[in-house]
Amino acid sequence: MWLRASCSLELGVSAPTPLLFMLRPRSGWHQWVAREEYLISPSVTAVEFTDPFGNLCQRLVAPVGDFSVHTTADIEAAEASDTAPGARLSEVQDLPEATLPFLLPSRYCESDLFTELAYQLGDGHALGYDQCAAIVQYIRDTTRYAPGSGQDIITAVDVNERSEAVCRDMAHLGIALCRALSIPARMVVGYLATLVPMDLHAWFEAYVGGRWYTFDPTQSNLNGGRVAIAYGRDAADVAIYTQFGAAVELKSMNVGVVQLLDPPS
């Protein structure tokens, strides 16, 4: 399916402030970016680089006053994410080196504290994809998806003690439990065409059967076009913008995804 995804940020800046943005999706095996628009107002010099996780990042210094960023991209995406029940666990010694950082505990995913629970959840399931699916079901059974309720980022341990959470936090718990079973897991931030209410969305991917697969505890299925913007170990790696200092106020953020009837010309 063809999607037009957009994100607009309106900021108030009280002193010149370095900013780091992560708003450009990249083409890959699961998505193709056909057209992009990236507008900054007022116009300032921006430098783009690729971070260690392959994300496209833009750095600039925002001047005093109102500052806005608007991005739009036309993207071909799958109508649903792949599933692979029965896909086997990849032994650690056989994993690609690029997946190894996603085995370790991170700031918001304390996988070393979840070993007992993870093995309880995985018991009786085939090693690999089926264990990840059992983890997702556990999160759905114990945590209510409550969009808009989580302003502060909390860790997986905190999420596991609460009865409701936002997508980011539910992904953190899934990541921590997968890593506790020696399954590489990473956070993804992007767009989901069927998300209600519309916003930027977070889910996680786990590496089993020789590739990454999508898991989303907030949704009853994996239907709907997904567009990944950023990948990382947890939310600390995938912020859509980072300010250095306290002189920036987010006045508004608007996110939209519409399905295009025809490919962009």
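Numbers below:
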| quantity | calculated |
| --- | --- |
| Top-ranked residue in segment 200-231 [being at pLDDT 95 or above and on the phi > 0 side of the Ramachandran plot; ranked as surrounded by the fewest Cβ atoms within 10 Å (Cβ to Cβ)] | Gly210 |
| Test: residue in segment 66-82 that is over 24 Å from Gly256 (Cβ atoms), modelled with pLDDT of 95 or more and of a type in the set (Gly, Ala, Ser) | no |
| Test: residue in segment 51-70 that is assigned to a strand (DSSP E or B), assigned by TED's automatic domain parsing to the domain that holds Pro18, of a type in the set (D, E, K, R) and in contact (Cβ under 8 Å) with a residue 40 or more places away in the chain | yes |
| Number of the condition not met by Ala134 [criteria: (1) surrounded by 24 or more Cβ atoms within 10 Å (Cβ to Cβ); (2) in contact with a Gly (Cβ under 9 Å, 6 or more places away or on another chain)] | (1) |
| Odd one out for Tyr145 among (1) touching a Pro at 6+ places or on another chain (Cβ under 6 Å); (2) within 26 Å of Ile229 (Cα to Cα) | (1) |
| Options Leu173, Leu177, Leu181; residue that is over 25 Å from Gln58 (Cβ atoms), over 18 Å from the mean Cα position of the chain (by Cα) and crowded, with 21+ Cβ neighbours inside 10 Å | Leu181 |
| Meets criteria (modelled with pLDDT of 95 or more and on the phi < 0 side of the Ramachandran plot) for Leu261 | no |
| Check on Ser252, polar (S, T, N, Q) and farther than 22 Å from Arg35 by Cα | yes |
| Condition check for Ile135: out of contact with any Pro (no Cβ under 9 Å at 6 or more places or on another chain), modelled with pLDDT of 95 or more and not small (Gly, Ala, Ser) | no |
| Filter result for Leu60 (touching a Pro at 6+ places or on another chain (Cβ under 9 Å), buried (at least 16 other Cβ atoms within 10 Å of the Cβ), at negative phi and not acidic (Asp, Glu)) | yes |
| Of all residues making up segment 1-29, the number that are surrounded by fewer than 17 Cβ atoms within 10 Å (Cβ to Cβ) and outside any strand (DSSP E or B) | 7 |
| Thr214 out of contact with any helix residue (DSSP H, G or I) (no Cβ under 9 Å at 6 or more places or on another chain), outside the structural domain of Phe67 (by TED's automatic domain parsing), polar (S, T, N, Q) and over 30 Å from Glu91 (Cβ atoms) | no |
| Test: residue in segment 214-227 that is part of a loop (DSSP other than H, G, I, E, B), hydrophobic (A, V, I, L, M, F, W, C) and touching a His at 6+ places or on another chain (Cβ under 6 Å) | no |
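Every residue, every condition in (1) assigned by TED's automatic domain parsing to the domain that holds Asp199; (2) more than 15 Å from Pro217 (Cβ to Cβ); (3) assigned to a helix (DSSP H, G or I); (4) touching a Cys at 6+ places or on another chain (Cβ under 8 Å), yes or no:
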residue	(1), (2), (3), (4)
Glu116	yes, yes, yes, no
Gln120	yes, yes, yes, no
Ala126	yes, yes, no, no
Ala133	yes, no, yes, no
Tyr138	yes, no, yes, no
Asp141	yes, no, yes, no
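The values are calculated or read from the model by the stated rules, or taken from the named source; none is laboratory data. Keep in mind that this is a model prediction, so the values were computed, not measured. When we count neighbours, we look across all protein chains shown, and the Cβ atoms used for this are built from the backbone with ideal geometry, even at glycine.
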